Amino acid sequence: MRDPLPAYHEQLGELEGHLEEQGAIGLLYLDLGFLDSIEFDYGTTAYAEVRHRVRNLLEEQRGKDFRSGDIVALDEPGGYGLLIFLDRKRRREVPVVNADLLAARKRLGKSLSKSLGKAAFPYLKSAPAIPVGHGMALHNPLLLPKRAIRTALDQARLIAEHERALSETDSRQRLEDVIAGRRIVTAFQPILRMSDRSHLAVEALSRGAPGTGMEAANLLFGAAEHFDLMVELDRLCRSRALLCSGRLPTSTRLFVNTLPASIRDPQFRGKPLIDFLDKALLAPGRLVIEITEKLVIENYGLFLEEMAYYTELGMSFAVDDVGSGYSGLEAISRLKPAFLKIDMSLVRNVHESAVNREMVKAIISLGHGIGAEVVAEGIEVEEEAEQLVDLGVDYGQGYLLARPEVVPDPRTA
């Protein structure tokens, strides 16, 4: 399969001519390493599709984010490094200098790299970080021009690697500050009975506080997973949700997302747990511990062993994201949770998709068969809600029914 983007080796003749004529060539290096994960996770067809999108996007941006005379190529055949060799300034007597390259690098870092990230959708849900480096090739008549170009490429790669390391460090430090400073926002989204839209419960949702750079939940939890700080963040989100629950009506149940490790957290057991619930004015019978289908399956033995402790206190369990791609219905049925929450991917356009309807029916049948009530997540349009009622879903959650409502920080309220 021919790559839509050529390697710079195929254009060495033109580049060497420019170098001899101009005395110097500046280049920018964009690290497109995110393409590797697309090929690994989705195969060569998706990989080729995204590479063609990248090529088309570059053609669209020619004359905008970079000049029409710039040469665009890869660092090697099939490589993940995108090179842009910069054309001379309009005033030909003015040579390119590093200040020009730095300015172009910053401009591309904000515009072109963001656009290239979008080319990866839907294989990547959020735009990946694309480090940008720069280098300069200087003409030396005693050396082959390709050596000077190679040296400039190596320099640009080093700068891009340094930029990636700085970005990683900054992201981790921002996350650490969020956790250490308890800088999260908690919102409660109602869960309603589908038949009459009366309230059953609320689910606690967390995201970074304004100014943290992690205001979106996917950024916050994505960073926590990347830096292996999920347990620390989970403990913070859970404690904040419980403390905020004192503002809820005493008849309202609270769904709280929890990691498997949390059910063995010493602060979430015994007297510390009872004292904390008393402080939060939350009776154990109102608390529903919510765990994703994936984590239930991966930690089945742990759950089977530990669930009894919490259910004896009066708490309930819910399995989240049921039907999101994991085949663990047998394990779920043996755990006998109180609630099954249908993943929003099955709820979306359920009134139009026969496949989604059949899968929802199967989950409802499983849930009711083990004595669990079924909640549909992510309901956005009335047609979805009507179809779910017809199918027999007990409860619903989503923007159509009610949006999340932010609650004040209990420390400042």
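Just so you know, all these numbers are worked out from the coordinates, no wet-lab data involved. Every value quoted in this text rests on a predicted model; they were computed, and no experiment measured them. Positions of Cβ are backbone-derived with ideal geometry, glycine not excepted, and every protein chain shown enters the neighbour counts.
Would you mind checking the radius of gyration and Dmax of segment 215-365 based on alpha-carbon positions, in Å?
Spelled out, the Cα radius of gyration and Dmax of segment 215-365 are 16.3, 50 Å.
How much of the DSSP bridge set in segment 8-170 is antiparallel, in percent, rounded to the nearest 5?
95
Simple spin-label model, 7 Å along Cα-to-Cβ: Glu176 to Asp36 in nm?
So the two model labels end up 2.5 nm from each other.
To the nearest 10 degrees, how steeply does helix 12-22 sit against the main Cα axis of the chain, on a 0 to 90 scale?
On a 0 to 90 degree scale, this one is about 60.
On C-alpha positions alone, give me the angle between the axis of helix 300-313 and the longest principal axis of the chain, in degrees, nearest 10.
The answer is roughly 40 degrees.
May I ask for the Kirkwood hydrodynamic radius of segment 90-158, worked out over all distinct Cα pairs and given in angstroms to one decimal?
That comes to 14.2 Å for segment 90-158.
Between the DSSP loop rule and a limit of at most 14 other Cβ atoms within 10 Å, which chymotrypsin sites (Phe, Trp or Tyr not before Pro) in segment 1-73 are left?
In loop regions of segment 1-73 (DSSP not H, G, I, E or B), there are no sparsely surrounded chymotrypsin sites (Phe, Trp or Tyr not before Pro).
Calculate the FRET efficiency for Lys271 and Val231 from the Cβ-Cβ distance with a Förster distance of 25 Å, rounded to the nearest 0.05.
Using R0 = 25 Å, I get an efficiency of 0.70.
First measure r as the distance between the Cβ atoms of His52 and Ile370, then evaluate 1/(1 + (r/R0)^6) with R0 = 60 Å and state the FRET efficiency to the nearest 0.05.
Efficiency computed from Cβ-Cβ geometry: 0.80.
Suppose every K and R has +1 on its Cβ and every D and E has -1 on its Cβ; what is the size of the dipole of the chain about the Cα centre, in Debye to the nearest 20?
Result for the chain is approximately 1240 debye, rounded to the nearest 20.
For the chain, I need the span (max minus min coordinate) of the C-alpha atoms along each principal axis, in Å, sorted largest to smallest.
Projected onto the principal axes, the Cα atoms of the chain cover 83, 48, 37 Å.
Neighbour counts of other C-beta atoms within 10 Å: give me Leu12, Leu175 arranged from fewest to most.
Leu12, Leu175
Which longest run of the chain has no exposed loop site in it, a site being GluC sites (Glu not before Pro) in a DSSP loop with at most 14 other beta carbons within 10 Å, and the site itself not part of the run?
216-351
Given springs between every Cα pair under 10 Å in a Gaussian network model of the chain, which of Phe121, Phe268, Phe221 has the largest fluctuation?
Maximum fluctuation in the GNM of the chain, among the listed residues, is at Phe121.
Just to be sure I understand: of the beta bridges DSSP finds with both ends in the chain, what percent are antiparallel, rounded to 5?
In the chain, approximately 55 percent of DSSP beta bridges are antiparallel ones.
Between Gln11 and Glu168, what FRET efficiency comes out of the Förster formula 1/(1 + (r/R0)^6) with R0 = 30 Å and r the beta carbon distance, rounded to 0.05?
Efficiency for this residue pair is about 0.35.
Based on DSSP H runs of at least 4 residues, each adding -39500 (n - 2.57), what is the mean residue ellipticity at 222 nm of the chain after dividing by all its residues, to the nearest 500 deg cm²/dmol?
My calculation for the chain gives -14000 deg cm²/dmol from helical runs alone.
My understanding is that a pair violates if its Cα-Cα distance is over 26 Å; which of Lys64/Lys118; Lys118/Lys146; Lys336/Lys361; Lys64/Lys114; Lys294/Lys361; Lys110/Lys146 do that in this structure?
Where the Cα-Cα span goes over 26 Å, the pairs concerned are Lys118/Lys146; Lys110/Lys146.
What relative contact order, as a whole-number percentage, does the chain give when Cα pairs under 8 Å and 6 or more residues apart are counted?
Averaging sequence separation for qualifying contacts and normalising by length gives 12 percent for the chain.
Let me know the Kirkwood hydrodynamic radius for segment 112-257, please, with Cα pairs as the basis and the value in Å to one decimal.
Result for segment 112-257, one decimal place: 18.9 Å.
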